[in-house]
Amino acid sequence: MTRAPGHRATCSTASIALITLLLLGGVLLSRAPASGAPSHAPSVVWHPTRPHIGSLAWMYVRGVGERAVVEGAVAGRPVVFFAYGDGRAALVGVDLDQKPGALPWTVAITEPDAEPRSAHGVVDVQRHDYPVQRLTLPEKMVNLDPETERRAGQEAERLRTLYRTISGERLWHGRFTHPLGARSPGTNFGSRRIINGQPRMPHGGADYAAPEGTVVVAANAGRVALVAEFFFPGRLVAIDHGLGLYTLYFHLARTSVADGERVERGQPIGAVGATGRATGPHLHFAVQVGPARVDPASLLALGLTE
């Protein structure tokens, strides 16, 4: 018997709908957790979702209990988490020499009376082009004599050792304040410097032009980790904000704090000068997250408010 074309279409639609329902049911069943398995994987969010080279980012692990232990790593380098909101957060610095592309990350959570949980993924680091800066300085400040070169090398190693020191307590809270009380983002961060025609390392901080003697304040609460006078940075203050985060203030005319002193956000720590290798009065403000050099503007814009 010949069926009407409309009837054939109705049967085909019903069959497809039934098959689709069965397949969907199968998918849903296959996704049900096995007996004894954790009910859910941790939720991990990146801010920003696509950080660029030389920027500061943070990971947020949501829904973690107060007694949980959260550990993690980005590109094999451990990150340190602290309590934030209903979970844990960790600062992640993307160094100036980091290549663009996917960086792998892992997070592991252990809690009393619960199965361990973990998550992993990648964060997409974006390319960022920094300007080329050409400077002319006195020859003795560029081509160093052997004794001065040894001094500069020892001082640089002292700073690198400092950045590798991770104190276990978070000392900062709330937003970071501008070290000169201004809103300018500063200049020259990441600039590929050519000094007297010779390529040099990229500029690891932001420069803020200001009259000599302008008061410099701590960007947030912390502990003074170093007060010194070095060949390149001149008179400097380094503040440890805890968990591997440091801010640095170079070329100061004078300092008003001492090693080991606790400081609060906005507290005066020194004054703008032109000490060290400087072409004029200004503040060189730098941010380190472990070994990563990051743009101070990204610290000042950090969205962590607690």
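Specify whether the C-alpha gyration tensor of segment 207-252 places it in the rounded, prolate or oblate class, a ≥ b ≥ c being the square roots of the eigenvalues: rounded for a/c under 1.5, otherwise prolate if a/b is larger than b/c and oblate if not. Oblate, because a/c is 1.5 or more while a/b does not exceed b/c.
A Gaussian network model of the chain, with springs between Cα atoms under 10 Å, assigns the largest mean-square fluctuation among GLU169, GLU157, GLU147 to GLU147.
Gain on full extension, evaluated as 0.36 nm per residue between THR305 and GLN133 minus their Cα-Cα distance, stands at 58.4 nm.
Each Lys and Arg adds +1 at its Cβ and each Asp and Glu adds -1 at its Cβ; summed about the Cα centre, segment 47-146 shows a dipole of about 260 debye. The charge dipole of the chain, taken about its Cα centre with unit charges on the Cβ atoms of Lys, Arg (+1), Asp and Glu (-1) only, comes to about 860 debye. Taking only the Cα atoms of the chain, the radius of gyration and Dmax are 26.6, 105 Å. Spin-label pair ASP86-SER184: with each label point 7 Å from Cα along the Cα-Cβ axis, the two points sit 4.4 nm from one another. With R₀ fixed at 30 Å, the C-beta to C-beta distance from GLU169 to VAL45 puts the FRET efficiency at about 0.75. Extension gain for the segment ALA209 to GLU149, taken as residue separation times 0.36 nm less the Cα-Cα distance, is 18.8 nm to one decimal. Each of GLN98, THR110, SER43 was scored by the projection of its Cα onto the charge dipole of segment 43-125, and the greatest displacement toward the positive side belongs to GLN98; charges sit on the C-beta of Lys, Arg, Asp and Glu. For segment 237-306 versus segment 150-213, the inter-centroid distance based on Cα atoms is 7 Å.
Each of SER256, LEU300, GLN126 was scored by the projection of its Cα onto the charge dipole of the chain, and the greatest displacement toward the positive side belongs to GLN126; charges sit on the C-beta of Lys, Arg, Asp and Glu. Against the chain, whose longest principal axis is taken from its Cα atoms, helix 146-163 shows a tilt of about 40°.
What number do you get for segment 102-200 when its Cα radius of gyration is normalised by 2.2 N^0.38 Å, N = residues?
The reported ratio for this selection is 1.71.
Computed from the C-alpha gyration tensor, the three semi-axes of the ellipsoid equivalent to segment 137-277 are 26, 18, 14 Å, from longest to shortest.
Rounded to two decimals, the Cα-based Rg/Rh of segment 232-306, with Kirkwood Rh, is 0.97.
Values in this text are rule-based calculations from the coordinates and carry no lab data. Every value quoted in this text rests on a predicted model; they were computed, and no experiment measured them. Cβ sites come from the backbone with ideal geometry, for glycine too, and all protein chains shown count toward neighbours.
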